[in-house]
Amino acid sequence: MTIDHRYQHLQVVRSTLATATYPLQYLAHLPSALSELISENLASRNELISDNETLREQALFNQAKLQRLALLEQENARLRQLLASPIQTSNEKVLIAEILAVDLHPFKQLITINKGSQQGVYPGQPLVAAKGIIGQVVDAYPMHSTVLLISDPNHALLAESNRTNLRALLVGSGKSDRVELKNVSSSADIKIGDLLHTSGLDGRYPPNYPIAEVTTINNRPGEAFLHVEARPLADLDTIREVLLLWTNPPEVESTLSNESASVENKNPANE
């Protein structure tokens, strides 16, 4: 050992022995290396699974958020269309209401809106959509109201033709896509495509608001009146928001009645 330490005569022998024993060292270290490799792979796999689950949840969340944003975008578009409607005038007080419930049956055409007497809503108040008249309030509760649609068989208003100023009674048919004109003479000047608007003479709806378009005219033999059908301009079965108009609120009607009574009392003919 001393000679080898000083003169390095056994270097070749040590190299030969090291080369011969290397496989044994490798085999002895192999289980530890495999264990570390397997642990790393399992850790990486668990991290990948965890990351995939997180990404999947984030994707679902983003998807739901995008859908919500799409709905909000559609709602904003409807509101912009409603507020930009040509049937609205700048000097009128209006209030946007959202539809809460719909009750469409052949003998009942009603909707419920989320505005009530606390917001100033009153029975008889007219409502419009972006394209035309849709109905009037029949019951006003503190937080909500019930609206009778123009398609209800019990609803009627005095309509007027844009083209000829022909006036006729417009009544509901029980179907959301159809209304009827009553007592139209067989000699009346009316055509398919004529637009009907409010006359303002019924004391309920303000004048010159669009209502419907004439779609069918039947001249039945032996009858003095035409059978005329029209399609409401507002999509009564798909609307989501409406505008409440203040035309003759209760306090105004009360004031007008008092003024009328005062004028009658001052009339010399009454004395």
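Here are some pairs, LYS108/LYS182; LYS115/LYS191; LYS93/LYS182; LYS131/LYS182; LYS131/LYS191; which of them have Cα atoms lying more than 28 Å apart in this structure?
Numbers: LYS108/LYS182 20 Å; LYS115/LYS191 39 Å; LYS93/LYS182 32 Å; LYS131/LYS182 23 Å; LYS131/LYS191 21 Å.
The answer is LYS115/LYS191; LYS93/LYS182.
Which order do the peptides 121-132, 182-193 take when ranked by the mean count of other beta-carbon atoms within 10 Å per residue, highest first?
On the way: 121-132: 21.3, 182-193: 12.6.
Ranking the peptides 121-132, 182-193 by packing returns 121-132, 182-193.
Regarding region 94-248, what whole-number volume in Å³ per residue does the convex hull of its Cα atoms give?
Working: hull volume 14.8 nm³, N = 155.
Once divided by residue count, the hull of region 94-248 is 95 Å³.
Under the Karplus relation 6.51 cos²θ - 1.76 cosθ + 1.60, θ = phi - 60°, what is the ordered set of whole-Hz ³J(HN,Hα) values for region 230-235, x standing for Gly and Pro?
Per-residue couplings from phi come out as 9, 9, x, 6, 7, 7 Hz.
Under 5 Å between amide H atoms, partner at least 5 residues away or on a different chain: which partners does GLN125 have, H built in plane at 1.01 Å?
Hits under the 5 Å cutoff: VAL137.
As an exercise, identify the GluC sites (Glu not before Pro) in region 168-246 lying in DSSP coil whose Cβ has no more than 15 other Cβ atoms within 10 Å. Intermediate results must be reported in sequence, preceding the final value.
Working: sites: GLU180, GLU213, GLU223, GLU229, GLU241; in loops: GLU223.
Of the GluC sites (Glu not before Pro), the ones in loops of region 168-246 whose Cβ has at most 15 other Cβ atoms within 10 Å are GLU223.
Under the rule of at least 5 residues apart or a separate chain, name every residue whose amide H is placed under 5 Å from the amide H of ARG163.
Excluding prolines and chain starts, which carry no amide H, the hits are LEU195.
FYI, it's all coordinate maths here, none of it is from the lab. As the structure is a computational prediction, the values presented were derived from the model and not from experiment. Neighbour counts run over all protein chains shown; Cβ positions are idealised from the backbone, glycine included.
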